Amino acid sequence: MNVQEFLSKIRNTESPLKRQLLTIALVSKLLEEEGKSVPVIIGRCALSYYSREVYFTADIDLAYADREALDGILRSIGFTKEGRYWISDSLKMAVEVPASSLAGEDSPLEIVEFDDGLNCRIIGIEDLIIDRLNACKHWKYEVDCEMAELLVLKYAEKMDWQYLERQAAKPDNNVLVELSTIRKEAGK
């Protein structure tokens with residue numbers, strides 16, 4: 001794969017979300033070529049994906065343990081470290097790695113595949129809903145309350161409700177009441 005040609009393709013992609021996903025697909029491919037695992041998109045970039053850009057964020061949050069490997073890949077494709085972010089002026093994006101892993105090994109993931117044979121992984125809808133409910137309840141972020149409701153309504157038919165309820169009931173989350181309220185509104 002010609003990395004520079006692929007970076008040019010990313011720069012010429014109109015959709016900001018697609019540019020973000022393609023960038024992480026490239027990063028994932030380069031990590032795999034080094035025999036490393038791949039990162040998972042979490043946070044508000046994942047929210048942008050599942051909401052089909054109803055919500056949009058300029059940065060990409062990742063869960064990834066091997067920071068040294070990731071740092072090397074990001075540097076090799078033109079990102080520079082500024083505080084806690086990796087910034088690419090040419091791609092007009094920022095990457096942050098606030099988590100080293102997802103909460104559990106059984107966490108469902110969404111895999112987005114591209115024509116080029118590349119793909120990226122995104123936190124599963126159930127875990128994203130839990131994340132948004134936590135932000136809503138514990139940090140009082142109103143937009144996260146609204147986004148959790150939007151996601152439940154949009155994906156109610158596709159969700160693993162047993163998994164979602166188990167996660168919501170865990171002491172670390174304690175958002176089962178909030179989930180139940182939204183679930184009733186969704187008629188599920």
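Amide H to amide H, with H built 1.01 Å from N, Leu62 comes under 5 Å of Ile42, Glu96, Val97, Ala99, counting only residues 5 or more places away or on other chains.
Only Cα pairs under 8 Å and 6+ residues apart enter the sum, and on that basis the relative contact order of the range 126-186 stands at 38 percent. Based on Cβ point charges of +1 for Lys and Arg and -1 for Asp and Glu, what charge dipole magnitude is obtained for the range 126-186 about its Cα centre, in debye rounded to the nearest 20? Taking the Cα centre of the range 126-186 as origin, the dipole is about 120 debye. Based on Cα contacts under 8 Å between residues 6+ apart, the chain shows a relative contact order of 18 percent.
With each label modelled as a point 7 angstrom along the Cα→C-beta vector, the Met1-Ser15 pair spans 1.8 nm. Looking at the chain alone, DSSP beta bridges between its own residues are antiparallel in about 70 percent of cases. Centroid-to-centroid, using Cα positions, the range 113-188 and the range 12-31 are 24 Å apart. Taking the longest Cα principal axis of the chain as reference, the axis of helix 67-76 is set at about 50 degrees. Residues in the range 122-130 carry Karplus couplings, in order, of 10, 3, x, 4, 4, 5, 5, 4, 4 Hz; the curve used is 6.51 cos²θ - 1.76 cosθ + 1.60 with θ = phi - 60°, and Gly or Pro positions show x. Between Asp144, Asp71, Asp61, the Gaussian network model of the chain with springs among Cα atoms under 10 angstrom shows the greatest mean-square fluctuation at Asp71.
Amide H contacts of Met93 (H built 1.01 Å from N, in plane; Pro and chain starts excluded): Ser88 sit under 5 Å, all sequence-distant by 5 or more or on other chains. When the chain is treated as a GNM with alpha-carbon contacts under 10 Å, the residue of Ile123, Ile77, Ile42 showing the greatest mean-square fluctuation is Ile77. Within the chain, Cys45, Cys120 have no other Cys Cβ under 4.7 Å of their Cβ and so lack a disulfide-compatible partner by this rule. Checking the table Lys81/Lys154; Lys18/Lys137; Lys137/Lys188; Lys9/Lys81 against a 28 Å threshold on Cα-Cα, which pairs fail? Violating the 28 Å Cα-Cα cut-off are Lys81/Lys154; Lys18/Lys137.
The angle separating the long axis of helix 142-155 from the principal Cα axis of greatest extent in the chain is about 90 degrees. Note on the chain: GNM, Cα springs under 10 Å; of Gly117, Gly43, Gly72, the largest mean-square fluctuation is that of Gly117.
Determine the percent antiparallel among the DSSP beta bridges restricted to the range 10-100, to the nearest 5. Bridges in the range 10-100 are about 70 percent antiparallel.
Between Val143 and Thr80, the modelled labels are 2.7 nm apart [label points 7 Å from Cα along Cα→Cβ].
Rule-based calculations on the coordinates, nothing more; no lab input. For clarity, every value in this text was computed on a predicted model and none was experimentally measured. Here the Cβ is made from the backbone with ideal geometry for all residues, glycine too, and neighbour counts use every protein chain on show.
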